[in-house]
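Taking it in order: structure first as structure tokens, then the write-up.
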Amino acid sequence: MEIFKFGGASVKDADGVRNVAKVLHRVGYDHTLIVLSAMGKMTNAFESLVTAYMQKETTFNILRDEIETFHKSIVDSLFAKQHEVRRAVDVIFSELDDFLNTQNSEDYDFIYDQVVSRAELLSTKIVSAYLNEQGIENTWLDVRDLIKTNNVYRGAEVDWKLTNQAIVSHIDPNVLYITQGFIGRNEEGYTTTLGREGSDYSAGIFAYSLDATSLTIWKDVEGVLNADPRYFNDAQLLKQISYTEAIELAFYGASVIHPKTIQPLQKKEIPLYVKSFIEPTNQGTVVTRGSKIDPLLPCFIVKKDQLLVSISTLDFSFIMEQNISDIFNYFHAYKIKVNLIQNSAISFSVCIEDKYNQFNTLLPLLQKEFLVKVFSGATLLTIRHFTPDSLAFIEENNTVLLKQSTQETVQMVVQ
Ligand code: ADP
Ligand code: ASP
Ligand code: MG
């Protein structure tokens, strides 16, 4: 079997949905399972809805209606007035309203998963119906019946054994399925999510469990480039990269592939193709076993919205193991991601990411024990396979606050 994953950018509007049908007609879809993300920026829109709901903001109704209007205008553009998909869309919205009107949990992450997951249900319902209309006969599948997770909302861990069993016993290779990424279900029967951008990972899980011949991720870019084209004008295509190199790039933040996606593929040596949904017959990038990276180019990775935090003891004594251990326990407890560490005798600097907006709660606790300096709005720049020229290019164009280097990789926190 083959697994295809179409991301949010591929279905950001009605023309995007039409293009998915074109891609499938063009490249074929025999023995294929399709994992599809939420449309466009709908996950972000649902996230804002959750925040408005939790904080009882007056914008809640506006946001909810905007989300409904967005989906319904795509439906209007793709389907006839009486098409049955309208009912499916209405059901998702009325179930959302029922949930929010009757639930009484205070658990942000639990509510987030129950709400945000509906973006994937909506997109898959709409696209599945459209493909059926276009003669691409397919079956809509609720992925939550297959992806079994623990109950850590917003960052659920997959139960591989149960998931594997469910996938192997449910999936008929002769049926074209359209299903969701990013979401699963826990033992209590509630929806969970696997972390932002998690649908690449879902596709990787299917590829692994079904011993797929390949996984193709369809993107709005030519493939994996040596830099994010949003920040670098002359980013170049990497034709081939090894699994290890892909893991490294994803680890440092190359947002084109979700970091967890590669490992299941690597275990079974399933090739990953990253291709353009605009030019679907172009070669794109293949991630496979073999040579590290072809062509060998410096790869630039940009992570924005970083905090550079420098911590020293109040009495300027040395920062010792115990201090470092205490600091890390705090970061762990407050779900703060540490992207870079540097220590000297009396200070300890970390470049961190505050994804869950917890740092402001943690800061006063740290300040009780340490002198803490915070620089917000920093960017972490990584160059894999750096050269003197690539390094000079970054250093000439940025104010470097902190720099760290290994043989292959240089990282800089810049202003
Ligand atoms: P989707 O969610 O639709 O699958 P994403 O937006 O998550 O797609 O990923 C595609 C985007 O990743 C590109 O538009 C590009 O801006 C960004 N990107 C970041 N790093 C790279 C890279 N090294 N190569 C290609 N694209 C990259
Ligand atoms: N829709 C989810 C997100 O935007 C998952 C994904 O697209 O990968 O994070
Ligand atoms: Mg994505």
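Among Ala392, Ala203, Ala119, the residue with the largest mean-square fluctuation in a Gaussian network model of the chain, with springs joining Cα atoms closer than 10 Å, is Ala392. Once you've got the Cα coordinates, tell me which of Lys5/Lys303; Lys275/Lys337; Lys22/Lys239; Lys41/Lys303; Lys41/Lys161; Lys148/Lys304 are over 28 Å apart. Among Lys5/Lys303; Lys275/Lys337; Lys22/Lys239; Lys41/Lys303; Lys41/Lys161; Lys148/Lys304, the Cα-Cα distance tops 28 Å for Lys275/Lys337; Lys41/Lys161; Lys148/Lys304.
Taken per residue, the accessible surface of the chain reaches 47 Å², heavy atoms only and a 1.4 Å probe. Taking 0.36 nm per residue of separation and subtracting the Cα-Cα distance, full extension of the segment from His83 to Ala345 would add 87.4 nm. With the convex hull of its Cα atoms as the shape, the chain has an orientation-averaged projected area of 21.9 nm². The translational diffusion coefficient of the stretch 113-165, from Stokes-Einstein at 10 °C and 1.306 mPa s with a Kirkwood hydrodynamic radius over alpha carbon pairs, comes to 124 µm²/s.
Here, P(r) means the percent of Cα pairs in each 10 Å bin from 0 to the largest distance; for the stretch 107-254 it is 10, 34, 33, 21, 2.
Evaluated at q = 0.20, 0.21, 0.24 Å⁻¹, the base-10 log of the normalised Debye intensity for the stretch 20-121, with identical point scatterers placed on the Cα atoms, takes the values -1.08, -1.15, -1.37.
The 3J(HN,Hα) values that the Karplus relation (6.51, -1.76, 1.60; θ = phi - 60°) gives for the stretch 244-251 are, in residue order, 4, 5, 5, 5, 4, 4, 5, 4 Hz. Gly and Pro appear as x.
Using only Cα atoms and rounding to the nearest 10 degrees, what angle (0 to 90) does helix 14-27 make with the longest principal axis of the chain? With both axes taken from Cα atoms, the answer is about 80 degrees. Just checking the listed ones, Val20, Val224, Val168: in the Gaussian network model of the chain with Cα springs under 10 Å, the one fluctuating most is Val168.
By the gyration tensor of its Cα atoms, with a ≥ b ≥ c the square roots of the eigenvalues, what is the shape of the stretch 154-201: rounded for a/c under 1.5, prolate for a/b over b/c, or oblate? It is oblate, given that a/c is not under 1.5 and a/b is not larger than b/c. In a simple Cβ point-charge model (Lys, Arg +1; Asp, Glu -1; nothing else charged), the chain has a dipole of about 440 debye relative to its Cα centre.
With all protein chains in place and a 1.4 Å probe, the accessible surface of the stretch 49-131 carries 49 percent carbon and sulfur. Each residue of the stretch 373-384 was assigned a 3J(HN,Hα) from its phi angle through the Karplus expression (A = 6.51, B = -1.76, C = 1.60, θ = phi - 60°), giving 10, 10, 10, 9, x, 8, 10, 9, 10, 10, 10, 8 Hz with x at Gly and Pro.
Proximity of backbone amide H atoms, modeled 1.01 Å from N, is registered between Leu401 and Val413, Val414, Gln415 at under 5 Å, excluding neighbours fewer than 5 places apart on the same chain. Over the residues of the chain, the helix contribution to mean residue ellipticity at 222 nm works out to -12000 deg cm²/dmol, using -39500 (n - 2.57) for each DSSP H run of at least 4.
How big is D, in µm² s⁻¹, for the stretch 164-323 by Stokes-Einstein at 10 °C and 1.306 mPa s if Rh is the Kirkwood radius over C-alpha pairs? D = 88 µm²/s. The tail of the calculated P(r) for the stretch 284-352, taken as Cα-Cα distances beyond 17 Å, holds 58 percent of the pairs. Note on Thr163: accessible area is roughly 0 Å² with a 1.4 Å probe, heavy atoms of protein only. In order along the stretch 346-363, the phi-based Karplus estimate (6.51 cos²θ - 1.76 cosθ + 1.60, θ = phi - 60°) of 3J(HN,Hα) comes to 10, 9, 9, 10, 9, 9, 10, 10, 10, 4, 9, 6, 10, 5, 5, 6, 6, 3 Hz; Gly and Pro are listed as x.
The label-point distance for Asp97 and Gln322, in a model that sets each label 7 Å from Cα toward Cβ, rounds to 6.0 nm.
The values are calculated or read from the model by the stated rules, or taken from the named source; none is laboratory data. Not measured: the values here are computed from a predicted model. Counting neighbours? That spans all protein chains shown, and the Cβs are built from the backbone with ideal geometry, glycine included. Note: accessible area is taken over every heavy atom of the protein model, side chains too, but ligands, DNA and RNA are not part of it. Shrake-Rupley method; radii C 1.70, N 1.55, O 1.52, S 1.80 Å.
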